[in-house]
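The values are calculated or read from the model by the stated rules, or taken from the named source; none is laboratory data. Just so it is clear, the model here is predicted, and its values are computed rather than measured. FYI the Cβ positions are ideal-geometry reconstructions off the backbone, even for glycines, and counts take in every protein chain you see.
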4 protein chains.
Amino acid sequence: MSSLAAKRGTMSSILSHNAYGKSGVRLTKVTRHPDRHDFKEITVNIQLEGDFAESYTDGDNSRVVATDSMRNTVYVLASEHPVEDIESFGLVLAKHFLDKYEQVSSSAVHISESLWHRINVGGKAHPHSFVSAGNEKRTATVYADRDLVEVESGIENLVVAKTTDSKFSGFVRDEFTTLADADDRIFATAMEITWIYLSPPADFNKAYDLIRQTALKVFATHMSLAVQQTLNEIGEAVLKAVPEVAEITIAMPNQHRLTFNLEPLGKKNKNEIFYPVDEPFGLITGTLKRT
Amino acid sequence: MSSLAAKRGTMSSILSHNAYGKSGVRLTKVTRHPDRHDFKEITVNIQLEGDFAESYTDGDNSRVVATDSMRNTVYVLASEHPVEDIESFGLVLAKHFLDKYEQVSSSAVHISESLWHRINVGGKAHPHSFVSAGNEKRTATVYADRDLVEVESGIENLVVAKTTDSKFSGFVRDEFTTLADADDRIFATAMEITWIYLSPPADFNKAYDLIRQTALKVFATHMSLAVQQTLNEIGEAVLKAVPEVAEITIAMPNQHRLTFNLEPLGKKNKNEIFYPVDEPFGLITGTLKRT
Amino acid sequence: MSSLAAKRGTMSSILSHNAYGKSGVRLTKVTRHPDRHDFKEITVNIQLEGDFAESYTDGDNSRVVATDSMRNTVYVLASEHPVEDIESFGLVLAKHFLDKYEQVSSSAVHISESLWHRINVGGKAHPHSFVSAGNEKRTATVYADRDLVEVESGIENLVVAKTTDSKFSGFVRDEFTTLADADDRIFATAMEITWIYLSPPADFNKAYDLIRQTALKVFATHMSLAVQQTLNEIGEAVLKAVPEVAEITIAMPNQHRLTFNLEPLGKKNKNEIFYPVDEPFGLITGTLKRT
Amino acid sequence: MSSLAAKRGTMSSILSHNAYGKSGVRLTKVTRHPDRHDFKEITVNIQLEGDFAESYTDGDNSRVVATDSMRNTVYVLASEHPVEDIESFGLVLAKHFLDKYEQVSSSAVHISESLWHRINVGGKAHPHSFVSAGNEKRTATVYADRDLVEVESGIENLVVAKTTDSKFSGFVRDEFTTLADADDRIFATAMEITWIYLSPPADFNKAYDLIRQTALKVFATHMSLAVQQTLNEIGEAVLKAVPEVAEITIAMPNQHRLTFNLEPLGKKNKNEIFYPVDEPFGLITGTLKRT
């Protein structure tokens, strides 16, 4: 028994869980087709679990795959893989760590993709020049262990607003309530949507496109009686549109645009003049499952 | 059966989980003692679960407590409560929503405190003037349902660095490895520490102070063979120092300071000149439990 | 002579410049046309100069227009003005403070517009639903004093990238140089463009559209021998395209995508695998004037 | 005449100003004394002006010092220089570019220092372990051309608050005014202070410490009739305390803590319960000069 172990023997604690990995591995891949270049920019986070306790308890790193080596692995595998969709590349990465290192019991790979549009020049998409599509991200998380592989895809920061067809009334009214019923309010949010695939779709990119388009369409056209109701309607529509989706989770921060009170200033506000506030915000979440 | 319900009857999905609440409720409380003012600044997030499905499925808000009312509740209860520590105020809030609304099955209240020091004037702490203690936060999360109340406290963004007594060697070396063994490296991190109380301590503020001080002391004085080992040592020391702590979880991003290679520039780097990189970063986590 | 003035009489300093105002006034204006809603979101900063020294030196606020009143003014004037372009609204605001308050000698109004696209539903732009166009901003700064009015318009954070047609070689090579010549590199930047109008164009929105489109087109199609050269080419093209522009200033951070060295890992990098770094970055600026 | 020059000959524009450089060069320097380590972390921005127009107009880079070489220069010079204060290191850097490259007409070097405290272990400052002092920065900007060298030092983000001894009344009251007079309000701000030295002080670190301490002391103890007045008082006190300072500029955002209206909720607010708002904020600035 080492002296360290002896010391610990008298301690009243155990390491009940541990994990480690590399976060923020940023990759740009350019694929040079004859007629156009593809330009993919992703950020990869890797977390491994397994037989690593001795690094914690004794500083014995003999089973530790350095996080620097994980970073190298991302670039090596990206040079061998087309990286056409983040789900497929996430699968390659997650399986790699399990296959290569017996001490790994599970790996979780999260990929966040920065989105770019081709620049439009004279009505045509330019073959090698791009403009940022903003702060919305496409995401994928692949979890793999010795028994199971699960793919969760997502959209982060899908920022939308509608200027009418949103009401909120009939809620609990008691001594803590000052909010008036709203018959016609602005509804603005930054949706975060994640979904778990029952089975891989034929094309991850097409499934993503369809889900994003479905969410936007329902948001635009739905008569909303509550943020909750719009959330549910989007979830139902996605489950209907993409049969491979087993489950969908949506978070909707309610990014308030408050009516500016012009009355003390001698004016009427004809539901035209608002001020956005970042905080506080309502946060509504829900998960829908295929039955 | 309403027409909405009829429509949903043909859908193949159910709302399997839902929650909602108010986030980012910012409160400043000034307590005016005869000899000094106390100045407390916190941000509160509230999430409720319960019997709210009809708001999602039918837009029926009759059981919905408006998130605006939750905001009001924070200010009303803060005017009645001393807010001397965030754990006690979190307990008051979490219990309030359960006691007041029968449709609530659980409430989770997260509080993040911005920290201030009194300004030192002529060697004395000023009675009513303060300077920010930076971006480190003290946190508390209280979860309460009809059976259980749990208090988790924490420290976010405890940014520390040491210029020696940190090594990392003996890790897996294979075709993905380029990192050299490090005999004497800079170790910098922004710790996130959370702990769950078995039972409330006599004084939440004193327990917090002792845990913060213990983490800093171990970080400063420990000879580190791996980030993992330092994490474990801090966890053990906290469990030893504060008997009311049942479990502690620590996350340590490894905020690398890389040695700048001066050789191509005709100079030697005597372990003095480094450059910090934000990304990628190693992320090491672990949970220790009292046995 | 007041006692404060007496005290200052013995001081060896004067207040040589002062200004004040309100920043971060956020406004949402919805204009409800019969067939569609317009949705405008702007943030206004106001700074006034004038006869305000006594507030600084004596705490005498009798000539001070409270910044809270400036905020009110933004909302009142927005309710009376169409806010169809930020330049026109900036002009209204800047002139208002001069006209209304004789103690004001100059006013500077900066407006930053968050951009939204209409959601596309079934191939048609939706009449009242919008999706964020990202973090790019349209800006306007109107400066007005008793003699002069100047309008500067701009684009902030126009994030673009091209995967080829960018070189950089032939630069100074000395003992501080390690950078190799680049024959074919990625060129990525977040342009900040501002221009000063000689005279107002017929339509500020059309001028803005044309300038943005011109910048994108030149960036996409130009064979770049240096970031500097691309910057100059864009400036020349804009001055050519929009005769009302007197002067244009462009800042181009060089957001490096560095080639990942796969050789130590036994692979070749066929100019495909890169990693973005945020820091450090080159920063290139230039101003072009019509002669 | 080159074809490029010929093309430009027909253009009606000239490059009226240009500058370029490297921003965000992050440096960590460890100085290993026998009894303690010093730990300095700075970020350097460099901008050069000079004879660089041909890179813009022709893509001729023969006079261009690559920004990558500027980055190298920071690390090389830091290995030769003690970096004990950022002003001295800034002077070395600014002069270097002028001395080394005849095509440079001026150089501006901005340095921002992240501040660290030694960790307190058992009442003693630890010799090699540090905790972040937060988001406040110490800054220096050195401008040098062939005739002149100027040093401007500063403090960024000095976040302070006081709970009493702040009033604001007697301001202009008209149809745009809704703000009430305030007899006793919270005053919170994030000061940005910069000062220009007439001549270098004996010790830049001591001058900085004294200026910071003076600003804090005046803020803490001053009875404020307006943010403007407090700003002026701090400026006067600094000019009095440090004779080498020629001029001081202070910016004070008024980070409002608004009184929460408890009356509709059946409670009284005894000047105790507030909510901070980030936007909008008053922004007050002033410059004081030694006469």
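Computed values, structure above
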item	result
Test for A:A180: is it over 25 Å from the mean Cα position of the chain (by Cα) and of a type in the set (A, V, I, L, M)	yes
Scope the stretch C:216-234; condition surrounded by 23 or more Cβ atoms within 10 Å (Cβ to Cβ) and either within 13 Å of C:I155 (Cβ to Cβ) or without any contact (Cβ under 8 Å) to a residue 12 or more places away in the chain (or both); matching residues	C:F219, C:Q229, C:I234
Which numbered condition A:V227 fails, given (1) farther than 24 Å from B:E49 by Cβ; (2) at the interface with another protein chain (Cβ under 9 Å from one of its Cβ atoms); (3) among the aliphatic types (A, V, I, L, M)	(1)
Any hit, the stretch A:61-68, residues being under 29 Å from B:G235 (Cβ atoms), within 14 Å of chain C (Cβ to nearest Cβ), part of a helix (DSSP H, G or I) and under 26 Å from the mean Cα position of the chain (by Cα)	yes
Subset of the stretch A:20-43 that is at the interface with chain B (Cβ under 8 Å from one of its Cβ atoms) and in contact with a helix residue (DSSP H, G or I) (Cβ under 8 Å, 6 or more places away or on another chain) - its residue that is farthest from C:F187 (Cα to Cα)	A:Y20
Among the candidates B:T259, B:T177, B:T214, B:T221, residue that is under 22 Å from A:E49 (Cα atoms), at pLDDT 95 or above and in the same structural domain as B:R290 (by TED's automatic domain parsing)	B:T177
Residue selected from the stretch D:253-267 under the condition buried (at least 18 other Cβ atoms within 10 Å of the Cβ) and in a strand (DSSP E or B), by the criterion nearest to the other protein chains (Cβ to nearest Cβ)	D:R257
Count of residues meeting criterion [touching a Leu at 6+ places or on another chain (Cβ under 6 Å) and within 7 Å of another protein chain (Cβ to nearest Cβ)] in the stretch B:46-57	1
Count of residues meeting criterion [touching a helix residue (DSSP H, G or I) at 6+ places or on another chain (Cβ under 9 Å), within 14 Å of chain D (Cβ to nearest Cβ) and outside any strand (DSSP E or B)] in the stretch B:148-199	1
Qualifying residues in the stretch A:72-110 (those that are within 23 Å of the chain's Cα centre (by Cα), outside any helix (DSSP H, G or I) and not small (G, A, S)) - the one surrounded by the most Cβ atoms within 10 Å (Cβ to Cβ)	A:V109
C:T214, sole failed condition from (1) of a type outside the set (A, V, I, L, M, F, W, C); (2) part of a helix (DSSP H, G or I); (3) away from chain D (no Cβ under 14 Å)	(3)
Within the stretch C:263-291, tally of residues that are over 16 Å from D:Y20 (Cα atoms) and in contact with a helix residue (DSSP H, G or I) (Cβ under 6 Å, 6 or more places away or on another chain)	4
Residue that is nearest to the chain's Cα centre (by Cα), among those in the stretch A:235-272 that are closer than 20 Å to C:Y75 by Cα and touching a residue at least 60 places away in the same chain (Cβ under 8 Å)	A:Q255
